[in-house]
Structure formats: structure tokens, C-alpha cells
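Encoded as C-alpha cells, the structure appears first; notes follow it.
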Amino acid sequence: MIIECIDKKDIEKLTTVINTTKQLQSKEIIKGNPRLIFNNIDKQLNKTNLIEVICNNNRELINSCGGIDSFKSQVKEKFRLGGREKDRSVSVVFEVTSTVRKEILKRRINLEWESVYAKDYISLMQCFKCYRFGHKSDKCKENIPICGQCGQSGHDFKNCKSNDIKCIVCARANIKGCKINHVARDTKCPSMLKIKDKIMKSIDYGQC
Ligand SMILES: [Zn+2]
Ligand SMILES: [Zn+2]
Ligand SMILES: [Zn+2]
């Protein structure tokens, strides 16, 4: 059984109650930190420069996060997306604490010449060979491709000649009453949204 607690005190109280009962045992589930994505960041700004630029140009944000040192300890650049030779800008993904997340999402973040809005970043990698989540097609263990359009195996969606549209993700999930007449990459696929929701529940967004 999973019980969600609002704050640390509640967790402590509950843990004491549970652990004094002989038949029960408790374990605290630590949620992961949220991630934020900053788009259109000048590629020239490396990891160190970017954080300095943010610190220098966003006094209000830094103050509300307890000063520069406190801010820096709560923000970690995880990776960058894009940035091929012809690109001038990249997207940067940061891991932050729930406090910093709230403060960053409240306002535009000033950089050197422009300002940007950060957005929540949730990675939901989907394989376009088997349409499962959590890996890309180059790491797929399936030998035969599955069609993202009709859900049949033996061809991919580019070579689909069927008139049927059947989402293989939903067909596999087999949820009662779930509509499956959409493609497997549909951004509104109910099974995909369910997985996304589960991921979001495992992240510590703090008190809203
Ligand atoms: Zn796969
Ligand atoms: Zn097909
Ligand atoms: Zn679906």
C-alpha cells in the first residue's frame, strides 16, 4: 500500500505508528527531482557559463531561492538536446528541486540578450519498432517490426497498406472500454497518457 504524505512530519508520524505494529513494516519512497527544459539557448554558452549567466541576470529568482550558492546546489544541468553543426541553439535540461522549479516557472528567465520561459520536461521515450516505452528502436529487442498504424507485425507504418487503424499500445494494455482506433504515436493515446501520469506521480513537485 502506498500512502502519500504532505510533509516530512506526517511521514515520521506514520512511520512510527506502522513500525510499532508488529505485523506491519514501512519504507519511505523517495520521489525523483523534477526536470525543466530551456529551449533556444545559445550553443556558445557552456555548462559553467550558462549557470553564471542565469545567476547574474535573475536577482529576484536567486534571492527567492536563498542566494547564489543555495540556487546552484539545487540546479544541475543534465543534458542538452539538438546542437548539430548548423544549429545555433540547443535545448538544455536541468534537474532542479521542487522549490527552484516553482520559482523558475513563475517568471521569464533572463539570459545575455534574450529571456526564455522554462517548461516541465518529462521524457517518454517511445520505440518506433515495437512502440513500447523506455527505449529507442536501435536498442529494441523485437526482431519483427510492428506497425504503428494498423498494429500488425511484419511491416512498419511507412509500408502500411491496411485501412485499419489500431493502436498497438492500447491493444496491449487491454483496458476495458479504451478506444484503440488511433495510431500508436498519437499524443492523446490514453495508454501513453496513463504511463506519463505514473511517471509524473513519481516526481517530487512539492506542495502545489
Ligand atoms: Zn522496441
Ligand atoms: Zn500496418
Ligand atoms: Zn493508444
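At a glance:
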item: Positions within region 41-58 being surrounded by fewer than 14 Cβ atoms within 10 Å (Cβ to Cβ) and among the β-branched types (V, I, T), in sequence order; result: T48
item: Test: residue in region 145-152 that is more than 16 Å from ligand 1 (Cβ to nearest atom) and closer than 20 Å to F94 by Cα; result: no
item: Out of I180, I146, sole residue that is touching a Phe, Trp or Tyr at 6+ places or on another chain (Cβ under 7 Å), within 16 Å of ligand 2 (Cβ to nearest atom) and open to solvent by less than 100 Å² (accessible area, probe 1.4 Å); result: I146
item: Test: residue in region 117-124 that is over 30 Å from D156 (Cβ atoms) and either over 14 Å from the mean Cα position of the chain (by Cα) or not charged (D, E, K, R) (or both); result: yes
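The values are calculated or read from the model by the stated rules, or taken from the named source; none is laboratory data. Remember, it's a predicted structure, so these values are computed and weren't measured experimentally. No Cβ is skipped: glycine too gets one built from the backbone with ideal geometry, and neighbour counts run over all protein chains shown. When the accessible area is computed, the model is the full protein with side chains, heavy atoms only, and any ligands, DNA or RNA have been set aside. Shrake-Rupley method; radii C 1.70, N 1.55, O 1.52, S 1.80 Å.
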